[in-house]
């Protein structure tokens, strides 16, 4: 089945192939770990700080990897968007937790594993980074906007504490989503092994789920029934 999805890449686009392969995992991610606590309004401020702190390494690796491949015919266009979520999260953490958050807020093994897998994906031609850009950035531009509104209401967070979800330097967020999808499809046209990118997408969602569940456990919350 995976090969069939990858073979349809040219006709349907890599975004469609990634969507089909990860649809069930996407649903699981929305029903797992700290994410479901946020969606239910059950996450505390400390829980959210822990979540943000453990996302930082993944974004650093993704953005450093894209920067290293900025001249690549595969990743060059994606790199030029400079979505820079790592710096936005760091800004939020400094407001929410103060200076020294990196030493004070624990880094979980699941976060280190996630970052290491992205670093591995950046090897070679870096094409597997496309899957992580799809998972993280399109997630931030879609579901992340829902999380932002819920966090603002439940935890009384202001814009300066929600920079992670702020894409206001782009004039039209809806156009950004559409343009970024097209950029992923164009990157996919240059990929020699689309099946590897599609499978990396499944891995990316699995890593996200593992991190979310690890944060929930570390925060002392109760895992939801499935």
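The values are calculated or read from the model by the stated rules, or taken from the named source; none is laboratory data. This one's a predicted model, so the numbers in the text were calculated from it and none came from an experiment. In this analysis, Cβ positions are derived from the backbone assuming ideal geometry, glycine residues included, and neighbour counts consider all displayed protein chains.
Being over 14 Å from the mean Cα position of the chain (by Cα), assigned to a helix (DSSP H, G or I) and either modelled with pLDDT of 95 or more or over 27 Å from residue 151 (Cβ atoms) (or both) is true for just one of 58, 67, 43. Which residue is that?
Details: 58 fails: over 14 Å from the mean Cα position of the chain (by Cα); 43 fails: assigned to a helix (DSSP H, G or I).
The match here is 67.
For the range 10-25, how many residues meet the condition of being assigned to a helix (DSSP H, G or I), modelled with pLDDT under 95 and either touching a helix residue (DSSP H, G or I) at 6+ places or on another chain (Cβ under 9 Å) or crowded, with 16+ Cβ neighbours inside 10 Å (or both)?
Filtering the range 10-25 for residues assigned to a helix (DSSP H, G or I) gives 10-12, 14-25.
Still in the list and also modelled with pLDDT under 95: 10-12.
Keeping just the survivors that are either touching a helix residue (DSSP H, G or I) at 6+ places or on another chain (Cβ under 9 Å) or crowded, with 16+ Cβ neighbours inside 10 Å (or both) gives 10, 12.
Number of matching residues: 2.
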Examine the range 179-193 for a residue that is part of a helix (DSSP H, G or I), surrounded by fewer than 15 Cβ atoms within 10 Å (Cβ to Cβ) and out of contact with any helix residue (DSSP H, G or I) (no Cβ under 9 Å at 6 or more places or on another chain), and state whether such a residue exists.
-> yes
Checking residue 198 against (1) outside any helix (DSSP H, G or I); (2) more than 29 Å from residue 50 (Cα to Cα), which single condition isn't satisfied?
-> (1)
Counted residues, the range 76-104 - those being surrounded by 18 or more Cβ atoms within 10 Å (Cβ to Cβ) and part of a loop (DSSP other than H, G, I, E, B) | 1
Given the conditions (1) assigned to a loop (DSSP other than H, G, I, E, B); (2) under 26 Å from residue 19 (Cβ atoms), report the number of the one that residue 213 does not fulfil.
-> (1)
Counted residues in the range 108-146 being part of a helix (DSSP H, G or I) and either under 11 Å from the mean Cα position of the chain (by Cα) or crowded, with 20+ Cβ neighbours inside 10 Å (or both) come to 21
May I ask you to say which residue of 107, 75, 83 is farther than 20 Å from residue 193 by Cα and touching a residue at least 60 places away in the same chain (Cβ under 8 Å)?
-> 83
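Which residues, taken from the range 147-170, are part of a loop (DSSP other than H, G, I, E, B) and under 23 Å from residue 66 (Cα atoms)? Talk me through it step by step, then tell me what you get.
Looking only at the range 147-170, we keep the residues that are part of a loop (DSSP other than H, G, I, E, B), and these are 155-158, 162, 166-170.
Selection gives 166, 167, 168, 169, 170.
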